[in-house]
1. What's the percent breakdown of Cα-Cα distances in the protein assembly as shown across 10 Å bins, shortest bin first?
2. Tell me, what % of the accessible area of the protein assembly as shown is carbon and sulfur with a 1.4 angstrom probe?
3. Under unit Cβ charges (Lys, Arg +1; Asp, Glu -1), what dipole magnitude, rounded to 20 debye, does the protein assembly as shown have relative to its Cα centre?
4. Average partner chain C-beta neighbours within 10 Å, per residue of B:87-93?
5. In the neighborhood of A:Ala251, defined by Cβ-to-Cβ distances under 10 Å, what is the net charge if each Lys or Arg adds +1 and each Asp or Glu adds -1?
6. Tell me the per residue accessible area of the stretch A:33-260 using a 1.4 Å probe; a whole number in Å² is fine.
7. Across 10 Å bins from the origin, how do the percents of Cα pairs in chain B run, short distances first?
8. Taking amide H positions as placed in the peptide plane 1.01 Å from N, state which residues far from B:Asp95 in sequence (5 or more) or on other chains have amide H under 5 Å from it.
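The values are calculated or read from the model by the stated rules, or taken from the named source; none is laboratory data. It should be emphasised that the depicted structure is a prediction, and the values quoted were computed from it without experimental measurement. Reconstructed Cβ throughout: ideal geometry from the backbone, glycine too, with neighbour counts over all protein chains shown. Just so you know, the surface numbers come from the protein's heavy atoms only, side chains and all, with ligands and any DNA or RNA stripped out. Shrake-Rupley method; radii C 1.70, N 1.55, O 1.52, S 1.80 Å.
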Amino acid sequence: MEDKKPVISKKIDNFFRGLSDAYAFVKRFFVEVWFPPYEFKEILRQCYEIGYRSLPLISLTGFIIGIVFTNQSRPSLAEFGATSWLPALISIAVVRALGPLVTALIAAGKVGSSIGAEIGSMKVTEQIDAMEVSAINPFKYLVITRTLATTFMIPVLVMYTDFVALLGSFINVNQNEMVSLSTFFVQVFESISFLDIFSSVIKSLVFGFTIGIVGCYKGYRSNQGTEGVGKAANASVVMSMFLIFIEELLALQVVNAIRNA
Amino acid sequence: MRESVIEIRGLYKSFGDNDVLQGVDLDLYKGENLVVLGKSGSGKSVLIKILVRLLTQDEGSVKILGKDTANLTLRELNKLRLKIGFAFQAAALYDSMTVRENLEFPLTRNIKGLTRKEINYKVEHLLDSVGLPNTINQMPAELSGGQKKRIGVARTLILNPEIMLYDEPTAGLDPTTCIDINNLINQVREEYKTSSIVITHDLTCAKQTGDRMAVLIEGQFQATGSFEEVFEEATDPRVKSFYDYNFIKQ
Ligand SMILES: Nc1ncnc2c1ncn2[C@@H]1O[C@H](COP(=O)(O)OP(=O)(O)OP(=O)(O)O)[C@@H](O)[C@H]1O
Ligand SMILES: [Mg+2]
């Protein structure tokens with residue numbers, strides 16, 4: 001028993017060390033983001049990369065989710081003769097939960113991992129050190145640009161996913177209930193409130209920030225060797241997905257509290 | 001007395017239980033090429049990383065161009081870093097950028113208001129002087145190890161450094177390419193009037209480029225002096241074994 005003690009305390013010790021290190025990293029972001037140089041060009045390039053990388057998969061997933069979710073919900077509603085509620089049901093589910101969550105998870109897999117791998121490989125091949133010694137702030141150039149880009153782009157992608165999912169849903173509804181496009185979207189917009197949209201955007205901003213900062217953090221802290229790069233990519237996906245679920249749960253609590261107030 | 005551009009006194013650095021540097025004293029004099037020798041893992045890279053504060057020492061002081069690096073603000077440190085060219089062991093070229101962009105990056109970020117023509121002239125001139133004018137639009141992944149190292153040297157030269165730090169410039173290269181790199185190091189000194197530290201465990205490189213040798217063994221410099229003094233008159237068996245390996249037991 002006695003020789004186990006240091007192992008446990010070392011693990012706990014490392015956990016808290018990691019936590020304080022991560023905290024310092026996030027804090028550094030909020031301190032440095034306000035000061036020039038702002039690297040607009042690099043931010044734009046990153047935004048483009050993020051959109052370009054995740055668009056095909058997001059389009060496909062969003063569309064299929066719209067179709068499948070509509071199709072699977074129909075029997076339950078049909079029991080009450082309430083299939084005319086389908087557009088309302090789907091739009092609430094998509095805007096409040098599915099759109100942001102699905103987009104964020106896909107982006108965590110595609111964008112988060114590639115940020116982790118890219119920065120990780122720059123770290124182990126000393127490219128980050130090379131910036132540092134030529135008086136360029138790598139945190140600004142790499143971390144802040146990527147994190148801002150994911151923070152801005154995820155909400156945009158979420159809106160796009162919502163739209164594509166609703167389109168998928170419309171096709172299914174149109175085939176089965178013969179509802180026209182305009183009727184469908186009138187119902188959609190009647191059923192979603194300002195709070196729904198607002199909270200969805202805020203949530204997406206948080207998801208985007210999470211994906212960016214986690215990818216950068218894991219990359220920045222990756223150990224020497226090419227093995228470290230793979231680990232960084234993997235760890236950033238796992239970590240950001242985990243945080244996204246936690247954030248989703250917290251957001252649910254907060255939005256419900258506001259709605260009931 | 002000769003003027004020191006770098007003054008290292010009583011430098012200690014450990015990583016956990018691994019005591020890497022244990023009381024290093026060293027001077028780099030103006031205009032000289034100082035070769036630092038030592039076997040793999042002896043802390044050569046750690047030493048020059050401490051000079052540019054990529055790592056911080058546990059104890060001891062480093063003065064560069066008269067400034068104690070421990071007391072500098074980030075702004076002052078960056079100003080000093082611009083006077084130091086650091087050629088990384090594995091070149092550390094930015095792999096998302098072309099050779100041209102690699103060279104431009106430190107230049108355009110540190111010197112504002114250059115015209116396109118001035119930038120192009122500098123980049124092309126430097127690529128010419130490292131003998132690789134045709135690589136300008138290539139990506140680092142398309143270059144050989146020796147080419148990467150030369151581009152790496154060109155990139156550090158673009159800001160006209162007063163001090164050059166070369167981390168194993170010839171490691172992993174064939175003998176002819178090594179000679180090219182050695183010539184480049186000497187040519188840089190002539191052209192840019194730099195003082196340099198050349199890290200290596202290759203005695204041919206040491207002999208060709210160095211005015212003075214310093215051998216790092218077990219965290220301290222055990223011998224310094226000219227090549228002949230250090231090696232041909234060596235008494236310390238650890239220094240001697242270095243020489244024997246390179247020149248006798250091939
Ligand atoms: N960031 C670091 N964290 C922990 N240990 C390190 C770190 N950097 C270097 N070391 C350790 O310090 C020692 C010296 O490393 P260094 O890279 O300076 O060796 P070197 O003399 O340059 O060897 P080589 O000729 O192989 O490049 C090694 O044992 C290494 O494991
Ligand atoms: Mg080394």
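1. Percent of Cα pairs in each bin: 4, 16, 22, 20, 15, 11, 7, 4, 2, 0, 0.
2. In the protein assembly as shown, the share of accessible area belonging to carbon and sulfur is 60 percent.
3. 980
4. Mean partner shielding for this stretch: 4.
5. Charge balance in the 10 Å sphere: 0.
6. 46
7. Each 10 Å bin holds this share of Cα pairs: 7, 31, 35, 21, 5, 0.
8. Correct list: empty.
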